[in-house]
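Engineer: Sending over a structure as C-alpha cells; questions will come in a sec.
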2 protein chains.
Amino acid sequence: MLRRHTLMPVPASLEFAEGRLAIDSSFRVALTGYSEPRLERAVTRMMARLSHQTGMPLGPAARQGGPALEIECDGAAGEVGSAVENESYTLVVRRTGARLHAATPYGVLRGLETFLQLVELGDRGFQVRAVTIEDRPRFPWRGLLIDPARHWIPPAVIKRNLDGMAAVKLNVLHWHLTEDQGFRIESKRYPKLHRLGSDEDHYTQEQVREIIEYARDRGIRVVPEFDMPGHTTSWFVGHPELASAAGPYRIERGWGIKDPAMDPTREQVYEFLDGFISEMAELFPDPYLHIGGDEVNGVQWDANAEIQAFMREQGMADNHALQAHFNRRIQAILSKHGKTMVGWDEIFHPDLPTDIVIQSWRGQESLAESARQGYQGILSNGYYLDHMLSAARHYQVDPLSGAAAELSADEKKRVLGGEACMWSEFVTWETIDSRIWPRAAAIAERLWSPAEINDVDDMYSRLEVTSQRLEWLGLTHRSAYSRMLRRLSNYRPIDALRTLADVLEPVKFYERPSSRPYTSLMPLNRLVDATRPESDVARAFSRMVDELLADPADETNKEAIETWLVSWRDNHERLAPLIQSSALLREVEPLSTNLRRLAQLGLEALSAVHRGRRLRDSEWEEHVQVLERAAQPQAELLIMVEPAVRRLVEAARERR
Amino acid sequence: MLRRHTLMPVPASLEFAEGRLAIDSSFRVALTGYSEPRLERAVTRMMARLSHQTGMPLGPAARQGGPALEIECDGAAGEVGSAVENESYTLVVRRTGARLHAATPYGVLRGLETFLQLVELGDRGFQVRAVTIEDRPRFPWRGLLIDPARHWIPPAVIKRNLDGMAAVKLNVLHWHLTEDQGFRIESKRYPKLHRLGSDEDHYTQEQVREIIEYARDRGIRVVPEFDMPGHTTSWFVGHPELASAAGPYRIERGWGIKDPAMDPTREQVYEFLDGFISEMAELFPDPYLHIGGDEVNGVQWDANAEIQAFMREQGMADNHALQAHFNRRIQAILSKHGKTMVGWDEIFHPDLPTDIVIQSWRGQESLAESARQGYQGILSNGYYLDHMLSAARHYQVDPLSGAAAELSADEKKRVLGGEACMWSEFVTWETIDSRIWPRAAAIAERLWSPAEINDVDDMYSRLEVTSQRLEWLGLTHRSAYSRMLRRLSNYRPIDALRTLADVLEPVKFYERPSSRPYTSLMPLNRLVDATRPESDVARAFSRMVDELLADPADETNKEAIETWLVSWRDNHERLAPLIQSSALLREVEPLSTNLRRLAQLGLEALSAVHRGRRLRDSEWEEHVQVLERAAQPQAELLIMVEPAVRRLVEAARERR
C-alpha cells in the first residue's frame, strides 16, 4: 500500500532513495546558519503541527545525538516581501537525519511544509522516506482572493485560511476589503466609511496588523483591494459627496453590477482618496495596492450633466477614457505613497506606466496583450472558486497556455502567476472553507509545480490526502458538511440525506443568482450551501461506468455500480419523512424522486448492457424523459451521476 | 416526527401550549428591567449562536413590531458568585413573542440556554413551540473538574468547554492546576514553580484572568485546586526545600500515587504557602479554594526522622493526624486570605471548622457522614469521566441516594451537588472533548433536574441531539473521531476501521494503566484514544437483540440484526490490509478477527433462534471459547456487542 507520494504541490524535482527517517517523540529541529524570530516561530509552529498530525508529544523527551532535521538558511529576505522572492529550497532526507537548505526564509518556510507532507505512518511507525528534493516555484505570484465584503468573514477564518494557503505554498492574500455591500476595514481618518458602511462587521486596524503579521510569518504577502470607482456603494453611505449622483445611499443588499460610482471630475474626490490611501498605505506594508477598477457601468456618469460637460471639455470619447483619467490620478496618488497599482483588466490603458500589474478575469488573451505591451499580469480567469467547478477544471488552466503560449520568453516573465478567487455572494463564515478547500490546492499546484505535472488522476489522489491533512490546521471544509446536514434534518439521522447530497453539486457559474433575486440578507443554510462543490461519489461512479462500458463482462465494476444504483433507488423512501418535516428540505423532494427514477433506469440499463441485450425501444422516449428531468437543476442543485447513467442507457440502446 | 422535546437538562416544570413562535432573520431580543454589561454580552452571544445554529443572518434586517424575546431581570447578583445563587427563571413562549423573567443574571443566562435548545426546524421554518417553563436547579453546585496538569490543556480548549458547560447549566469549573506531573499556573512570587515544574506549558496569570472572566460571563465560578501536601512533585523541582525528603526532584512522568509530600513540620513550608496562597487568593475571586489533600501515602513522612520526632512530640498517633495538623494550618492561611477550604474526603477531620466543603470521591456514605457532622459536601464518586463508563451509569448516580437518602432535610441541604471529573492521565488537548461530551451533559441533568427525571431511554434520545448541538460551540467531541481514524489509516479510506471502532469501547476504570507502564510522554494516538467512551451501535444492537428474544418472530429486528452481523463478519477482510500497513493498527488485529468470529457465531445463533431450533451441543465448547475470546480486552479495547451476541447464543441453546 505504499504510494508514490502525496506531496501537493509536486516539487520541481524529487528522487526517493532507500531507507527512511523514523519520526518519534525525540524528533528535534535545529536552525543553523542565518536565523530570525520568524524562523524560530516557524520551527515552533512546525513542531506543534507535527505533534498534532501524529498525536505524539514532542516536548520533554531528549534525543540521543543531533537533531533529526537541520535547517540552514543563507540569509535574510527584505523586511517586506516583493513580487519576486527566492523561495527555492533543497531538502535531503536520509535514515540518519534530514537537512533543509534555502537561500532565504521563504525557502525554509516552503521546505518545512514539504517536510510535514512527507511524514507518513508506515508499518514501523511514523517516518519520512529517504528523498532528495530540489524545489522552486514556477510562478512568483500565487494568490487567493478572499472577499469579506459581500459576506463578512471574521479574522479567525482569515487566519486558518492563511494556514491552509501556506500549507500548499500560496503566497499572496488578495483581500477584497470594500464593495457595494460592505466597507470592511476601519478608517481612523474617515470613520464614517466603516461605521456606516459595514453593519458593524469590519476589521479593526489592530486586527489588520495582526493578520498581516500572521501572514508574513507564513511567507504570505497581503495585498489589499479598495475597489474604485465602481463597487463603491458602501463608501457613499457615509460619504455621498464622493458619488456621481446625489444620495442618500444605503448599503447595497443585492448582487450584480450596480450604478453608483465615484465622480472622477471632482478634485475633492481625489483629496479624499489621497487621505484614505495615505492611511492604508501606511497600514499595509506590501508594495502593491489593488484598486479594483472593474465593472463600471457608467450609468451615473452618463446621467450627470457636469460629468458630461467635463468629458466634452477634456475631449474624452467615452467612459473608458474617463475611467483612464481617474486611474491616472489614482496611480499618481499611489505612487506618491510608495505603492504600485494593481487592477482588473479594465484599468489597462496605454497611458499608465508599465510598472502596474493587470489582474485578468478575462483570460489568457487579455493577459498576453498586456504582457506584449510591457505590463505585468496575473491570471484569475479559470480560477473562480465561486463558479463551483471541479478541481480538474481549474487544474487544467495554465497562465501560459492559449494566447499566452505565443509570448516571447521575456514577455512570459511578465506573467507573474495567478490567483484563485473566492467571491462571497454565496459563501458565509460557515461555508467559505468548503468552497476554497481542497480545490484551491489544485490551483496552487498549477502555479508552483512544473507545467508537465498535469496528470489529473494523480492530482485527485494527492488532493484527497491533502484535504485530510488540511483539517489539522482547523479548516472546516470537511466537518461543516455533516454539521449542516444535521441542521437541515433538525438533528435527526442524516444517512439518507447524505446519500442524496453526496451525488449533488451546486449549479455552476452564475446560474444561482439568476435563479432567484438573492440578497445579502438571505440565509445560506440550504442543501445547496451544505453540498460540496465537487461530488467525489459522482466522479468515482463515472469512472466505474466508463470501465464497465469498455469491458461489459467486468463483474467487479458491475457489482459496485449495482450497489450504488440500488442505494439511490431505495433512498427516497428513507428520506421522504425527513423532507416532509423540514421546511428547508421541502425543495429537495424533486431531486430525491428524480434520483430514484434515474437509478431505476440505470439498473435496467446495467442489466441490459451486462447481458448484451438492449432496452426496449418502445420505452425510449420515457427513458429520455427520465434523463432530461434528472439533468434539470432543482433547488439550485445538479444530480451529478446523471451523465454516467445516460452513458449506460445510451450504451444499452446502441447495442441494436 | 414531532418529538416531545430535546431539552437537557429537563426543566423543573414545563408545559407546551398550542402554536409556535416563528424564528426568522428579524428575530430580536430586548433587555428590560435590570441590565449590566454581562447581560448585554450574553444577548450578543446568544444572537451569534442562534445565527450559527440556524444559518440565518441576524443583523441588519428590521423587525416589525417589538422584539421576539423580552428579557426581564429583577436585579444584580453579587460581583463574585457564591455557592448558592438564585438561578431560577420563567420562560413563556407564545405565537406573538417570548418572555424570559429571572431574579438575577444567573437565571437569565440559564433561561437563554433553554431558549436556544427550544429552537427547532419545523415544516414551516425555524420555530419555538409555545411553552411555559418554570425552572430552577435541584443542586446549587454543579461542577466539572478539568485536570490540565497530567496532560496540558490549552486555554482555547478550556474556553470551549466552558461554553459546553454553560449550555447544559453546569456552573463550577474545578481547575486542577497542580500535580506531580505539572505545575500549570504562573506564580509571579515563586516563578521557579511554573518555570521548572511545567515543561513550559502553563497558564499565564493574564490567561487565568481571561478565563475567569469568560466563565463569569457564562455564570460559571472557577475554583482552583492546588493539591497538597501530596501530588506535589512538580512543586519540588524548583523548591525541593518544601519536600519531606531531600531532592533533587524531576517532573514526574509516571501515573499513580507518588511518595513526595510537603513537610508539615517545618515553619518555612507554611511561610511559603502563605505567600503562594496570598498570590492565588488575589488572582481567583471565588470564595472557595481547593487544597486537594488526597492520596498522601506517608512514605516520605515515615522515612524522615525529624518528622517522626515531631509527631511523637505532638502526640500524633498516625499520618492522618499529621495531615490534619497540616490542614488546620492551611485552613488558617486560607481564612486569613478570605477563602473557604475545599478538599477531598481525606481532609475530613472533626478539628476543622464546619464551613469547609468536602468533595467525595469515596461516595454517598462518606458524603452523608460529613453532612451529619455539619460539613457541606459535593459528590464526585460515580462521576469520573475517565472511567469510560456509559452516560446511563453516571445518570443513575444521585448525590442524595444510598446513605445520603437517610439524611434529615437540613442535613441534605449540606449536600451542595456534584462534580464530573475529567482526570487527564489518558486525555490530551485532542481527545478531552470526546471524553467530557456528551456524557457530562447526563451528569449535568442529574444535578439540575428533579430527581424524578430518570428515564434512561428518554435521556439518551435527548443526549444525542444535545451532543450535536454542542458542536456549534466549537467542541470537537464528534469531529475528532474521524480525524483520528484517518491518522491511524495514514489518510486511506476509513470505512472498515470505523465499522470496527464503532462497536468498541476503551477498557473501564483503571484497567488501562494496569495494562502497561504508561507515562505522560507516551503518545495517546492509538485506536483506544480515538474510540468513543460509549458505543451507540452496541447500545442499539443490544436493544434489538432483547426485542428479538422477546419476540423471535419479529422480522424487522431479525433483518437489522442480520445486516449488522454480516457487516461485522465481512469487515476483517476489508480491514486487514490497512492493519498490515499501519504500525499503530497492528495491535487491533485480534479485535478484528474476534469480531469476525463473534459475528459468525451470532449469525448461526440468530438463525437458530429465528427458526426455533438450537445450536449443536457438540460445538458448545467452541462457541463459549469464541465468546470468551471476544470478551477479553485487546489493545485496551472491548468489543461491546459481545454481551448481546452471548444472549443470542444462550437463547439458541436454552431452547433444548
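Engineer: Might you let me know whether the range A:446-453 holds any residue that is in contact with a strand residue (DSSP E or B) (Cβ under 9 Å, 6 or more places away or on another chain), surrounded by fewer than 20 Cβ atoms within 10 Å (Cβ to Cβ) and more than 14 Å from chain B (Cβ to nearest Cβ)?
Structural biologist: Checking the range A:446-453: at least one residue is in contact with a strand residue (DSSP E or B) (Cβ under 9 Å, 6 or more places away or on another chain), surrounded by fewer than 20 Cβ atoms within 10 Å (Cβ to Cβ) and more than 14 Å from chain B (Cβ to nearest Cβ).
Engineer: If I filter the range A:128-136 for residues that are touching a residue at least 24 places away in the same chain (Cβ under 8 Å), within 14 Å of chain B (Cβ to nearest Cβ) and in contact with a Lys or Arg (Cβ under 9 Å, 6 or more places away or on another chain), do I get at least one hit? Quick ask: steps written out before the conclusion?
Structural biologist: Narrowing the range A:128-136 to residues touching a residue at least 24 places away in the same chain (Cβ under 8 Å): A:128-136.
Applying the additional criterion that residues be within 14 Å of chain B (Cβ to nearest Cβ) yields A:128-129.
Next, from what is left, pick out any that are in contact with a Lys or Arg (Cβ under 9 Å, 6 or more places away or on another chain): A:128-129.
Checked against the condition, which is being touching a residue at least 24 places away in the same chain (Cβ under 8 Å), within 14 Å of chain B (Cβ to nearest Cβ) and in contact with a Lys or Arg (Cβ under 9 Å, 6 or more places away or on another chain), the range A:128-136 yields at least one hit.
Engineer: Give just the number: which of (1) surrounded by fewer than 16 Cβ atoms within 10 Å (Cβ to Cβ); (2) modelled with pLDDT under 95 does B:Glu36 not satisfy?
Structural biologist: (2) is the only condition that B:Glu36 fails.
Engineer: Also, I was wondering about something else. Filter the range A:207-260 for residues that are of a type in the set (Gly, Ala, Ser), open to solvent by less than 30 Å² (accessible area, probe 1.4 Å) and assigned to a loop (DSSP other than H, G, I, E, B) and give the result.
Structural biologist: Our first condition is that a residue be of a type in the set (Gly, Ala, Ser); within the range A:207-260, this holds for A:215, A:219, A:230, A:234, A:238, A:243-247, A:254, A:256.
Remaining after also requiring open to solvent by less than 30 Å² (accessible area, probe 1.4 Å): A:215, A:219, A:230, A:234, A:238, A:243-244, A:254.
Listed by number, the residues that qualify are A:Gly219, A:Gly230, A:Ser244.
Engineer: For A:Leu7, are the conditions met, namely being touching a residue at least 24 places away in the same chain (Cβ under 8 Å) and open to solvent by 30 Å² or more (accessible area, probe 1.4 Å)? Outline the logic, then answer.
Structural biologist: Details: touching a residue at least 24 places away in the same chain (Cβ under 8 Å): yes; open to solvent by 30 Å² or more (accessible area, probe 1.4 Å): no.
In short, no.
Engineer: Another question, if that's okay. For the list (1) more than 26 Å from the chain's Cα centre (by Cα); (2) surrounded by fewer than 19 Cβ atoms within 10 Å (Cβ to Cβ); (3) away from chain B (no Cβ under 14 Å), I need the number of the one condition that A:Ala68 fails.
Structural biologist: (2)
Engineer: Taking the condition of a type in the set (Ser, Thr, Tyr), surrounded by fewer than 21 Cβ atoms within 10 Å (Cβ to Cβ), within 13 Å of chain A (Cβ to nearest Cβ) and touching a residue at least 60 places away in the same chain (Cβ under 8 Å), does B:Ser461 pass?
Structural biologist: Numbers: of a type in the set (Ser, Thr, Tyr): yes; surrounded by fewer than 21 Cβ atoms within 10 Å (Cβ to Cβ): yes; within 13 Å of chain A (Cβ to nearest Cβ): yes; touching a residue at least 60 places away in the same chain (Cβ under 8 Å): yes.
Taking the combined requirement at face value, the residue satisfies it.
Engineer: While we're looking at this one, here's another question. Got a number for residues in the range A:483-494 being without any contact (Cβ under 8 Å) to a residue 24 or more places away in the chain, more than 8 Å from chain B (Cβ to nearest Cβ) and not β-branched (Val, Ile, Thr)?
Structural biologist: Start the filter on the range A:483-494 by keeping residues that are without any contact (Cβ under 8 Å) to a residue 24 or more places away in the chain, which leaves A:483, A:486, A:491, A:493-494.
From what is left, the residues that are more than 8 Å from chain B (Cβ to nearest Cβ) are A:493-494.
Checking the rest, the ones that are also not β-branched (Val, Ile, Thr) come to A:493.
The number of residues fulfilling the criteria is 1.
Engineer: Another question, then. Using beta carbons and a limit of 8 Å, which pairs, at least six apart or on different chains, have the first residue in the range A:431-456 and within 16 Å of A:Tyr383 (Cβ to Cβ) and the second one open to solvent by 20 Å² or more (accessible area, probe 1.4 Å) and in a helix (DSSP H, G or I)?
Structural biologist: Hits for this filter: A:Arg435/A:Asp386; A:Pro438/A:Glu464.
Engineer: Something else about it: On the basis of being surrounded by 21 or more Cβ atoms within 10 Å (Cβ to Cβ), within 14 Å of another protein chain (Cβ to nearest Cβ) and under 27 Å from B:Ala496 (Cα atoms), does B:Asp536 make the cut? Let's see the steps before the verdict.
Structural biologist: Numbers: surrounded by 21 or more Cβ atoms within 10 Å (Cβ to Cβ): no; within 14 Å of another protein chain (Cβ to nearest Cβ): yes; under 27 Å from B:Ala496 (Cα atoms): yes.
Criteria not met by B:Asp536.
Engineer: Residues in the range A:132-150 that are farther than 30 Å from A:His5 by Cβ and open to solvent by 10 Å² or more (accessible area, probe 1.4 Å): how many? Outline the logic, then answer.
Structural biologist: We begin by selecting, within the range A:132-150, every residue farther than 30 Å from A:His5 by Cβ; these are A:147-150.
If we keep only those that are open to solvent by 10 Å² or more (accessible area, probe 1.4 Å) too, we end up with A:150.
Qualifying residue count for the region: 1.
Engineer: Here is a check on your reading of the model: is B:Arg41 open to solvent by 50 Å² or more (accessible area, probe 1.4 Å), part of a helix (DSSP H, G or I) and away from chain A (no Cβ under 14 Å)? Steps first, answer last, please.
Structural biologist: Values: open to solvent by 50 Å² or more (accessible area, probe 1.4 Å): yes; part of a helix (DSSP H, G or I): yes; away from chain A (no Cβ under 14 Å): yes.
Yes, satisfied.
Engineer: Which members of the range B:568-598 meet the condition of being crowded, with 23+ Cβ neighbours inside 10 Å, away from chain A (no Cβ under 13 Å) and not aromatic (Phe, Trp, Tyr)?
Structural biologist: Answer for the range B:568-598, where residues must be crowded, with 23+ Cβ neighbours inside 10 Å, away from chain A (no Cβ under 13 Å) and not aromatic (Phe, Trp, Tyr): B:Val588, B:Leu591, B:Ser592, B:Leu595, B:Leu598.
Engineer: Select from the range A:510-533 the residues that are more than 14 Å from chain B (Cβ to nearest Cβ) and open to solvent by 40 Å² or more (accessible area, probe 1.4 Å) and write down the one among them that is farthest from A:Gly182 (Cα to Cα). Explain how you work it out, then say what you get.
Structural biologist: Let us first name the residues in the range A:510-533 that are more than 14 Å from chain B (Cβ to nearest Cβ), namely A:510-517, A:532-533.
In the following step, the residues that additionally are open to solvent by 40 Å² or more (accessible area, probe 1.4 Å) were identified as A:510-511, A:513-517, A:532.
On the way: A:Tyr510: 21, A:Glu511: 23, A:Pro513: 19, A:Ser514: 22, A:Ser515: 24, A:Arg516: 22, A:Pro517: 19, A:Arg532: 27 Å.
Out of the qualifying residues, it is A:Arg532.
Engineer: Can you find even one residue in the range A:391-404 that is polar (S, T, N, Q), away from every other protein chain (no Cβ under 14 Å) and touching a residue at least 12 places away in the same chain (Cβ under 8 Å)?
Structural biologist: Here is the first cut: in the range A:391-404, the ones polar (S, T, N, Q) are A:396, A:401.
Now drop any that are not away from every other protein chain (no Cβ under 14 Å), which leaves A:396, A:401.
Filter once more, keeping what is touching a residue at least 12 places away in the same chain (Cβ under 8 Å): A:396, A:401.
The answer is yes; a qualifying residue exists.
Engineer: Can you tell me which residue in the range B:282-322 is least open to solvent (accessible area, probe 1.4 Å), limited to those that are part of a helix (DSSP H, G or I) and closer than 18 Å to B:Trp235 by Cα? Spell out the reasoning first.
Structural biologist: Narrowing the range B:282-322 to residues part of a helix (DSSP H, G or I): B:282-283, B:299-303, B:305-313, B:319-322.
Pick out the ones that are also closer than 18 Å to B:Trp235 by Cα and you get B:299-301.
Working: B:Val299: 66, B:Gln300: 20, B:Trp301: 2 Å².
In this case the residue turns out to be B:Trp301.
Engineer: Within the range A:15-33, count every residue that is open to solvent by 50 Å² or more (accessible area, probe 1.4 Å) and either more than 14 Å from every other protein chain (Cβ to nearest Cβ) or among the polar types (S, T, N, Q) (or both).
Structural biologist: 6
Engineer: Run A:Gly55 past the list (1) within 14 Å of chain B (Cβ to nearest Cβ); (2) crowded, with 16+ Cβ neighbours inside 10 Å; (3) touching a residue at least 60 places away in the same chain (Cβ under 8 Å) and report the number of the one that doesn't hold.
Structural biologist: Here A:Gly55 clears every test but (3).
Engineer: Let me ask another. Taking only the range B:409-440 into account, find how many residues are within 14 Å of chain A (Cβ to nearest Cβ) and out of contact with any Gly (no Cβ under 7 Å at 6 or more places or on another chain). Quick ask: steps written out before the conclusion?
Structural biologist: As a first pass, look at the range B:409-440 and keep what is within 14 Å of chain A (Cβ to nearest Cβ): B:424-434, B:438.
Those left that are additionally out of contact with any Gly (no Cβ under 7 Å at 6 or more places or on another chain): B:424-429, B:431-434, B:438.
The number of residues fulfilling the criteria is 11.
Engineer: Next up: Pick from B:Gly254, B:Gly247, B:Gly298: which is at pLDDT below 95 and not aliphatic (A, V, I, L, M)?
Structural biologist: Numbers: B:Gly254 fails: at pLDDT below 95; B:Gly298 fails: at pLDDT below 95.
Only one candidate passes the filter, namely B:Gly247.
Engineer: Only one residue in A:Glu85, A:Glu36, A:Glu15 is acidic (Asp, Glu), touching a Gly at 6+ places or on another chain (Cβ under 9 Å), touching a residue at least 40 places away in the same chain (Cβ under 8 Å) and more than 26 Å from B:Ile579 (Cβ to Cβ), so which one is that? Give the steps one after another, and end with the answer.
Structural biologist: On the way: A:Glu36 fails: touching a Gly at 6+ places or on another chain (Cβ under 9 Å); A:Glu15 fails: touching a Gly at 6+ places or on another chain (Cβ under 9 Å).
Answer to the selection: A:Glu85.
Engineer: Just one of the numbered conditions (1) under 30 Å from B:Asp24 (Cα atoms); (2) β-branched (Val, Ile, Thr); (3) touching a residue at least 24 places away in the same chain (Cβ under 8 Å) is not true of A:Thr593; which one?
Structural biologist: Answer for A:Thr593: the failing condition is (3).
Engineer: Follow-up question, since we're still on this one. Can we say B:Leu601 is out of contact with any Gly (no Cβ under 8 Å at 6 or more places or on another chain) and open to solvent by less than 20 Å² (accessible area, probe 1.4 Å)? Outline the logic, then answer.
Structural biologist: On the way: out of contact with any Gly (no Cβ under 8 Å at 6 or more places or on another chain): yes; open to solvent by less than 20 Å² (accessible area, probe 1.4 Å): yes.
It is true that B:Leu601 is out of contact with any Gly (no Cβ under 8 Å at 6 or more places or on another chain) and open to solvent by less than 20 Å² (accessible area, probe 1.4 Å).
Engineer: Checking the conditions here, which among A:Leu504, A:Leu497, A:Leu473 is open to solvent by less than 20 Å² (accessible area, probe 1.4 Å), within 13 Å of chain B (Cβ to nearest Cβ) and not basic (Lys, Arg)? Before you say what the answer is, go through the steps one by one.
Structural biologist: Working: A:Leu504 fails: within 13 Å of chain B (Cβ to nearest Cβ); A:Leu473 fails: open to solvent by less than 20 Å² (accessible area, probe 1.4 Å).
Testing whether each residue is open to solvent by less than 20 Å² (accessible area, probe 1.4 Å), within 13 Å of chain B (Cβ to nearest Cβ) and not basic (Lys, Arg) leaves just A:Leu497.
The values are calculated or read from the model by the stated rules, or taken from the named source; none is laboratory data. Keep in mind the model is a prediction, meaning the values are calculated, not measured. Glycine also receives a Cβ, built like all others from the backbone with ideal geometry; neighbour counts cover every protein chain displayed. Calculation scope for accessible area: heavy atoms of the full protein, side chains included, ligands and nucleic acids excluded. Shrake-Rupley method; radii C 1.70, N 1.55, O 1.52, S 1.80 Å.
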